[in-house]
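K.L.:
If you scroll down you'll find the structure; I have some questions about it.
The values are calculated or read from the model by the stated rules, or taken from the named source; none is laboratory data. Please read all numbers here as calculations on a predicted model, not as lab measurements. A quick note on method: Cβ atoms are made from the backbone with ideal geometry, for glycine too, and the neighbour counts reach across all protein chains shown.
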Amino acid sequence: MNISFEESWLHKVNPALKLITLTFLFVFVVMIHHLNDMITFTFTVSILFFFCTGHSYKRILLFLIPFLLVFFSTAVSMILFGKGETTLFKLGIVNVTEESLFRGLHLGFRALVFAMMGMTFVLTTKPVLLFYSLMQQLKLQPKYAYSFMAAIRLMPIMFEELQTILDAQKVRGVHSQKGIRSLLKDIKSLPIPLLSQSIRRAFRIAVAMEAKRFNSTNERTYYYHLGFSIFDLLFIGYFILMISLGYLFATEFPLFPVTDVRY
Amino acid sequence: MSNRLKLTDILVTIVISIGFGILYKIWGPLYYAVKPLGIHIDQLIYGMWFMAATVAFLIIRKPGVALLAEVAASSGEFLMGSEFGLEVLLYGIIQGLFAELLLMAFRYKRYDLLAVSMAGISSCIGSLILDFYKGYIGDLSTWNLILYMAFRFIGTILFTGVLAISIVKALEATGVTNLVRSSSQKDFNSLDQ
């Protein structure tokens, strides 16, 4: 698969720093309990997601489709079954209240923000550079980092193998029978060959890597060097500025007349 | 016998887990497709997300494998662009940690249905704690919350317990587990002497 995109400033942010910042923001979002603050923060993240990843708008919009489904599906069970006092709508076990409606929306926005933050990270970070950065900045042991990189390289082979197994099963008419028992057999007939082949291949690669001293804990040299730059400051500064602005905006011009969405 | 993770153990664990990561990624759309049904049918299939830990542990049988597997699977899912975004990484770490703690309580000596089901349930509790803060599940109506938790526990036992055991049994029959287990524990030691 060949995906073309332009390198944006987000690509130049140090990957480990980006990951840590986003993790902090995750915790921060979990501590937001006011719907208005949540909406302004969603706005903050969506600017990065829509305009700063360097990918085409068409692709970004395509990524957005499942996110909206997540928004909807996360919101709906809280809206329908959440606790609350001001009933808006009642039908059998469904009890929509004003409180549960706002809480559901809040959760929906929260899920949307997590999805957009994650996607922004994935779209602007090369996995190899991420693991190099984790080794250099966060002192992750090389044997873990290189194992991760090797495993990621194996993913396309796994997909290819999956296709081969599916084709082979089709040719041999494996899925021709019906009934629960054969369905269970079908479910198992895929992961077993896939896993056993993967384990064999991983073992061979690991032996080769050990022979080449990839598990050495001594001081080692790196092909890529990752450091910090002005873009790291820009990244952190963006969030600090936008969160403060968002907070001010939400207090001055609240969109919804709710304060805390918790019951 | 060294119980520390060698590069072989790490790579095999991560490769298995990345495989599960792909599965987790496919599982996501299925999960939120059944979710809007509302009465938490989705929770029955939630247990799938705890499976990497127990399967990897059953194959490699070393301390630390369950945690590493769950972290690797969730990062695989994350790097493929999960709809749940950053959430999966944190859930992965917590779920792996909880499974690991339970296996540690068994001193990594039990590989049976009970031990892995308990490890799964432990992961499940970890995920519920996160849901409590992140998803306000405490604010669901009581009957709804009980349904939510019960479905998730049932799903957990089915996937992380029963299904994991049967997959690993089938893998043992192929002989591939001997490759990982014996070479890391007996053969290498005899070579070292």
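K.L.:
Between a residue in segment B:12-25 that is within 7 Å of chain A (Cβ to nearest Cβ) and in contact (Cβ under 8 Å) with a residue 60 or more places away in the chain and any residue that is part of a helix (DSSP H, G or I) and not β-branched (Val, Ile, Thr), which pairs come within a Cβ distance under 8 Å, given they are 6 or more apart or on different chains?
P.N.:
Taking only residues 6 or more apart or on different chains, the pairs are B:Val12/A:Ala202; B:Val12/A:Phe203; B:Val12/A:Ala206.
K.L.:
In segment A:99-131, which residues are within 24 Å of A:Asp260 (Cβ to Cβ) and without any contact (Cβ under 8 Å) to a residue 40 or more places away in the chain?
P.N.:
A:Ser100, A:Leu101, A:Gly104, A:Leu107, A:Gly108
K.L.:
Just one of A:Ile79, A:Ile60 is assigned to a helix (DSSP H, G or I), β-branched (Val, Ile, Thr) and more than 11 Å from every other protein chain (Cβ to nearest Cβ); which is it?
P.N.:
The unique qualifying residue is A:Ile60.
Listed here are the residues, each with its yes/no results for (1) more than 14 Å from chain B (Cβ to nearest Cβ); (2) closer than 21 Å to B:Leu79 by Cβ; (3) surrounded by 14 or more Cβ atoms within 10 Å (Cβ to Cβ); (4) at pLDDT 90 or above.
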{"site": "A:Glu6", "(1), (2), (3), (4)": "yes, yes, no, no"}
{"site": "A:Asn14", "(1), (2), (3), (4)": "yes, yes, yes, yes"}
{"site": "A:Leu17", "(1), (2), (3), (4)": "yes, yes, yes, yes"}
{"site": "A:Val45", "(1), (2), (3), (4)": "no, yes, yes, yes"}
{"site": "A:Leu64", "(1), (2), (3), (4)": "no, yes, yes, yes"}
{"site": "A:Glu85", "(1), (2), (3), (4)": "no, no, no, no"}
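K.L.:
Considering every residue within segment B:25-43, establish whether at least one is within 30 Å of A:Glu160 (Cβ to Cβ) and touching a Gly at 6+ places or on another chain (Cβ under 9 Å).
P.N.:
So far as segment B:25-43 goes, yes, one or more of its residues are within 30 Å of A:Glu160 (Cβ to Cβ) and touching a Gly at 6+ places or on another chain (Cβ under 9 Å).
K.L.:
Okay, moving on. Can you name the number of the only condition in (1) in the same structural domain as A:Leu234 (by TED's automatic domain parsing); (2) free of Cβ contacts under 8 Å to residues at least 24 places away in the same chain; (3) surrounded by fewer than 21 Cβ atoms within 10 Å (Cβ to Cβ) that A:Phe81 fails?
P.N.:
All conditions are met except number (3).
K.L.:
If the requirement is being modelled with pLDDT of 90 or more, buried (at least 21 other Cβ atoms within 10 Å of the Cβ) and more than 11 Å from chain B (Cβ to nearest Cβ), which of these qualifies: A:Phe28, A:Phe41?
P.N.:
Result: A:Phe41 is the single residue among A:Phe28, A:Phe41 that is modelled with pLDDT of 90 or more, buried (at least 21 other Cβ atoms within 10 Å of the Cβ) and more than 11 Å from chain B (Cβ to nearest Cβ).
K.L.:
Moving to a separate point now. Just to be sure I understand, how many residues within segment B:115-128 are more than 12 Å from B:Phe57 (Cβ to Cβ) and touching a residue at least 40 places away in the same chain (Cβ under 8 Å)?
P.N.:
So the count comes out to 3.
K.L.:
Output the residues belonging to segment B:63-98 that are crowded, with 24+ Cβ neighbours inside 10 Å, more than 12 Å from chain A (Cβ to nearest Cβ) and either part of a loop (DSSP other than H, G, I, E, B) or of a type in the set (Phe, Trp, Tyr) (or both).
P.N.:
B:Phe98
K.L.:
Ok, one more. Of all helices (runs of 4 or more DSSP H) completely enclosed by segment A:175-263, which ones contain at least 1 residues that are closer than 30 Å to A:Val30 by Cα?
P.N.:
A:230-252
K.L.:
Right, something else. Whether any residue in segment A:49-56 is surrounded by fewer than 20 Cβ atoms within 10 Å (Cβ to Cβ), assigned to a helix (DSSP H, G or I) and free of Cβ contacts under 8 Å to residues at least 60 places away in the same chain is what I want to check.
P.N.:
Yes, some residue in segment A:49-56 is surrounded by fewer than 20 Cβ atoms within 10 Å (Cβ to Cβ), assigned to a helix (DSSP H, G or I) and free of Cβ contacts under 8 Å to residues at least 60 places away in the same chain.
K.L.:
While we're looking at this one, here's another question. Please work out which residue is nearest to A:Pro191 (Cα to Cα), limiting yourself to segment A:126-162 and to residues that are among the basic types (Lys, Arg) and part of a loop (DSSP other than H, G, I, E, B).
P.N.:
Top of the filtered list is A:Lys126.
K.L.:
Take the conditions within 14 Å of chain B (Cβ to nearest Cβ) and of a type in the set (D, E, K, R) and apply them to A:Lys170. Does it pass?
P.N.:
For A:Lys170, the condition - within 14 Å of chain B (Cβ to nearest Cβ) and of a type in the set (D, E, K, R) - is not met.
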